[in-house]
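The values are calculated or read from the model by the stated rules, or taken from the named source; none is laboratory data. Quick caveat: nothing in here was measured; it's all calculated off a predicted structure. Don't worry about glycine lacking a Cβ; one is built from the backbone with ideal geometry, like all the others, and counts go over all protein chains shown.
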Amino acid sequence: MNPILNQIGTIFIPVSNVKEARNWYCDILGLPADGEILYGHLYIIPMNGTGIVLDSKIYSEDNIFKTPPFHLNTNNIEQAYEFMRGKNVELTTGVEHNHWFKFKDPDGNHLMVCKC
């Protein structure tokens, strides 16, 4: 039996200010922003499925995500797009192929939302 599982546990996102990033991500995900910041630089977002950890220790302008390393799911892509637009999120595409769009977090990380 192979000891390495075919599962992704967590994705680390480099952020310049972990508290501000926690508040922003929790806001767009509809989560309370009251979780503990660990070791002064980590915040674990309570996700369903693969985890996301915000990490200010690994941040530099050279290592922000230039392409989305993952996508967030939605059941309604148009509603998700309008929601993000209403939050003044920097949208980098419109809804493409009625299936996905890209945006940036406040640190410039490129992310994506896809209809599941």
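Below is a table of values for the structure above.
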{"read-out": "Unique residue being in the same structural domain as residue 114 (by TED's automatic domain parsing) and either in contact (Cβ under 8 Å) with a residue 24 or more places away in the chain or not in a loop (DSSP other than H, G, I, E, B) (or both) when the list is 82, 20", "value": "82"}
{"read-out": "Of the criteria (1) outside the structural domain of residue 12 (by TED's automatic domain parsing); (2) of a type in the set (S, T, N, Q); (3) buried (at least 18 other Cβ atoms within 10 Å of the Cβ), which one residue 98 fails", "value": "(3)"}
{"read-out": "Counted residues, region 48-79 - those being in contact (Cβ under 8 Å) with a residue 12 or more places away in the chain, not in a strand (DSSP E or B) and not polar (S, T, N, Q)", "value": "12"}
{"read-out": "Breaking point among (1) in a helix (DSSP H, G or I); (2) surrounded by 15 or more Cβ atoms within 10 Å (Cβ to Cβ), for residue 44", "value": "(1)"}
